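What follows draws every value from the coordinates through simple rules; no lab data is involved. All values reported here derive from a predicted model rather than from experimental measurement. As a convention, Cβ positions derive from the backbone with ideal geometry for all residues, glycine included, and neighbour counts pool all protein chains shown.
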Amino acid sequence: MTTLDAVGDLRLTGLTKRFGSFTAVDDLDLTIPQGSFFALLGASGCGKTTTLRMVSGLEDPTAGRIYLGDTEVTHTKPYKRPVNTVFQNYALFPHLNIYDNVAFGLRRRGVKDVRKQVEDILALVELGHLAKRKPTQLSGGQQQRVAVARALINQPQVLLLDEPLGALDLKLRRQMQIELKRIQTEVGLTFVHVTHDQEEAMTMADTIAVMNAGRIEQLGSPEELYENPATTFVANFLGQSNLVAGTVAGKEGDVVTVEAHGHRVALPSARCRPDSGAAIIGVRPEKVQLVAAGGAAPDGHNLLAGGVVSDASFIGVSTQYLVKMPWGQELAVFEQNTGKEIFRPGSEVSLHWDPTQTFGLDGGQDIEAGAEIDDEAAK
Amino acid sequence: MTAVTAPAAPPSLAEAAGDHQKKRNYLPYVLLAPGVAWLVVFFLIPIFYAVSASVQTGSLDMGFKVTWDWANYQSTFSTYNTEIIHSLIYSVACTVICLLLGFPLAYFIAFRGGKWKNLLMALVIAPAFTSFLIRTIAWETILSDHGWVTRVLSDTKVSSVMVHLGLLTNSHQLLNTPFSVIFGMVYNFLPFTVLPLYTSLEKIDPRLHEAGADLYSSAYKTWRYVTWPLALPGVIAGTLLTFIPAVGDYINAYMLGSPNTQVIGQVIENEALRDVFGYPIASAMGVILTFGTLAIVLGYVKKAGSEDLL
């Protein structure tokens, strides 16, 4: 059996890559089950692309091993791995037409009659009518589909997607996300998708690994990561979070109480990481509601009083508020448009939410971690 | 101006548009004129004179007359076929060797040159700052029988191998052989191959090499199916820029060769300067060289354009 016939889960053990004194990927252990749609999510420079390039063989690991099933491919040449890549800028061969671009991999492996396969795969990505065109005559979205077809036709064990949608505009990106997900379900290959766009990762992937500084911060399904982030980085990078530093004040049954800036906040113990000492409580902006200062919150809700609305943007389905708290922090609130009163900037308000929607993180972390990076990556 | 005062009047509008169009139509010709004039004076008229001189008979004393005497062409082929063949062999050999040496060089500079790229390319061109003639004379000295190059090659038996390969006639002499002539030509024309090749290679996105490797291509296959086809425009330009001057070159054959390595250029010079009857036959050879080269180049470009060059 050659390395090209390797089958099974993709396993990375202790994978490390250093460029000089810079550690791009730091002792990474990861198993990606066969047939899953896996996303590596992180800001630029977090090591996600380097990880991908080591899997494809374009980068040689400094340490660690890569397995496909039981076959080790750590130092196998890229052209001897059953792995194909959809490159960030597609890297279509400009001298070949679409048909020949797509047939390239099959022909290099010595497949003589490629016609049927090429036509089938071009039909799958709905580009059959453009087979004779050169890549430069195609739109960005079409080129992206050619790149997917060129990789998929080889029926690799693992398909690597390196920010494949980065160059597309928003509308096309949404369309391609659905398309890629459909193709993945149809062909059932392992897809490893590298992206900095958390929405893209959540839309498409079964499992997301959030990477930061060469390490995996947290791994799980999109819902898990969103509802129960393990670190402030994940809480801020994946969506938006209101994080408030405090101290664990007590535990009663399965309810933990945290004291923060003179307020007592309750949360389920299952969602609270620390048992005692410093803690950071978190709540997503869309779970929080506002009442005018002195107004009553529903019974049992957590309440943070003394806020002043510093910004209110009405965007139709919801109103997004920034509320300045007495201790100087600005918290975000997304209120659904249910016909409620809209608070103007300067209004004095209290924030309240269902305690079960609260999560608790270990104290001592930077509560801003991951927030700035997301803004930058979104540009 | 009527168009402004009477915006509703279509004829005046059309007129104005017509005026505008006329002005625009002249401009390309005005811009082309200097170039065309140059080509007419220094290219078309001389070609016409050369062609007409090639079918004349007479002598310097009695004057030449157009007699449509094609004998000049016939005698060129019968008398000087060796020189024509030399020219062809030397220039083809020079072009091929320049490509074999130039491609790796240009490839290295384009893909591995990094921040040294421009400096390395400057070094490739640097010899051209010295006169072609002087450089060739320098090689005459370097390759001379008593020079160290000849001695080292002879002592290390490299010359004996070259004799076996038919490149030299004896192991104590480099100069005055086809080897030295081709060597000199390669030296002189290499930059003409490297420059366009480099331009082509430099434009290739290195990620295409990665895409090749990713799609089951070994280093060789990636070169063969990605790099080479993308470099082909540079290969064609480079080989043409080398072959065309090489086929007409006679300085290298004159300086580094012997009477046994004469090329067509030398014969043309000799004929033209020689005696009273030389002009027509020199012209005939010039015409043969010009149109022969043109035919070869056209055939080559056509073949290369269809991409079955390898």
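Taking label positions 7 Å along the Cα-Cβ direction at both B:L294 and A:V255, the computed distance is 10.0 nm, reported to one decimal.
Which whole number gives the average count of other chain Cβ atoms within 10 Å of the Cβ atoms across peptide A:87-93? Don't jump to the answer; show the numbers that get you there.
Numbers: counts 6, 1, 2, 2, 10, 3, 9.
For this peptide, the per-residue mean of nearby foreign Cβ atoms is 5.
With a Förster radius of 25 Å applied to the beta-carbon distance between A:K112 and A:E186, the computed FRET efficiency rounds to 0.40.
Need the full-extension length gain, A:A293 to A:E348, defined as separation in residues times 0.36 nm minus the C-alpha distance. One decimal, nm. Mind dumping the intermediate values first?
Values: separation 55, 0.36 × 55 = 19.80 nm, distance 0.53 nm.
Stretched fully, the A:A293-A:E348 segment lengthens by 19.3 nm.
Amide H to amide H distances under 5 Å link A:A249 with A:T257, A:V258, A:E259, where only residues 5 or more positions off or on other chains count and H is placed in the peptide plane. Taking 7 Å steps out from each Cα toward its Cβ at B:H172 and B:R207 produces label points 6.4 nm apart.
Computed about the Cα centre, the dipole magnitude for chain A is approximately 1900 debye when only Lys and Arg (+1) and Asp and Glu (-1) carry charge, each at its Cβ. Taking 0.36 nm per residue of separation and subtracting the Cα-Cα distance, full extension of the segment from B:L273 to B:N260 would add 2.7 nm. Between A:D169 and B:T79, the C-beta separation translates, for a Förster distance of 41 Å, into a calculated FRET efficiency of about 0.05.
Relative to the longest principal axis of the Cα atoms of chain A, the long axis of helix A:98-108 makes an angle of roughly 70 degrees.
Extents of the protein assembly as shown, largest first, come to 126, 88, 51 Å (Cα atoms, principal axes, whole angstrom).
Along the axis of the charge dipole computed for the stretch A:1-134 (Cβ charges of +1 for Lys and Arg, -1 for Asp and Glu, origin at the Cα centre), the listed residues A:F19, A:F87, A:T76 are led at the positive end by A:F87.
Which FRET efficiency value, to the nearest 0.05, is calculated for B:R224 and B:V158 with the Förster distance at 30 angstrom and r the Cβ-Cβ distance? Walk me through the intermediate numbers first.
Working: r = 32 Å, r/R0 = 1.06.
The value I calculate is 0.40.
Where does each of B:Y216, A:Y79 land when they are ranked from fewest to most other beta-carbon atoms within 10 angstrom? Each step should come with its number before you reach the end.
Numbers: B:Y216 25, A:Y79 20.
With the fewest neighbours first, B:Y216, A:Y79 line up as A:Y79, B:Y216.
Put a plus charge on the Cβ of each Lys and Arg, a minus charge on the Cβ of each Asp and Glu, and nothing anywhere else: the dipole of the protein assembly as shown about its Cα centre is then about 2120 debye. The ellipsoid equivalent to the alpha-carbon distribution of chain A has semi-axes of 46, 24, 16 angstrom, derived from the gyration tensor eigenvalues as √(5λ) and listed largest first. Among the DSSP helices (H) of chain B, those spanning at least 24 angstrom by Cα along their long axis with an average Kyte-Doolittle hydropathy of -0.5 or more are B:10-39, B:71-112, B:178-202, B:228-248, B:278-305; this is a geometric and hydropathy rule only. Three principal axis extents describe the C-alpha atoms of the stretch A:3-227; from largest down they are 46, 38, 32 Å. Of all the options B:S91, B:S180, B:S144, the one that moves most in a Gaussian network model of chain B with Cα springs shorter than 10 angstrom is B:S144. Using a Gaussian network model of chain A in which every pair of alpha carbons under 10 angstrom is joined by a spring, one finds that among A:T185, A:T338, A:T232 the greatest mean-square fluctuation is at A:T338. The distance linking the stretch A:162-228 with the stretch A:60-98 is 19 Å (Cα centroid to Cα centroid, whole angstrom).
Computed log10 I(q)/I(0) for the stretch B:80-265 at 0.11, 0.18, 0.20 Å⁻¹: -0.58, -1.14, -1.26, from the Debye equation with unit scatterers placed on every C-alpha and solvent omitted.
Net charge dipole, the stretch A:235-378: roughly 360 debye, given to the nearest 20, about the Cα centre with Cβ charges of +1 for Lys and Arg and -1 for Asp and Glu.
Can you give the Kirkwood hydrodynamic radius for chain B, in Å, rounded to one decimal and based on Cα pairs?
Details: mean 1/r = 0.0423 Å⁻¹.
Evaluated over chain B, this radius sits at 23.6 Å.
Helix A:140-152 versus the longest principal axis of chain A: what is the Cα-based angle in degrees, 0 to 90, to the nearest 10? With rounding to tens, the tilt is 60 degrees.
State the extension gain, in nm to one decimal, for the chain segment bounded by A:A63 and A:E224, taking 0.36 nm per residue of separation less the distance between their alpha-carbons. Write out the running numbers ahead of the final one.
On the way: separation 161, 0.36 × 161 = 57.96 nm, distance 3.08 nm.
This chain segment gains 54.9 nm when fully extended.
Each of A:L165, A:N97, A:T2 was scored by the projection of its Cα onto the charge dipole of chain A, and the greatest displacement toward the positive side belongs to A:N97; charges sit on the C-beta of Lys, Arg, Asp and Glu. The angle separating the long axis of helix A:115-124 from the principal Cα axis of greatest extent in chain A is about 20 degrees.
Given 37 °C and 0.692 mPa s, how large is the Stokes-Einstein diffusion coefficient of the stretch A:235-378 in µm²/s, with Rh as the Kirkwood radius over Cα pairs? In µm²/s, the coefficient rounds to 211. Volume per residue of the convex hull around the Cα atoms, evaluated for the stretch B:207-304, comes out as 126 Å³.
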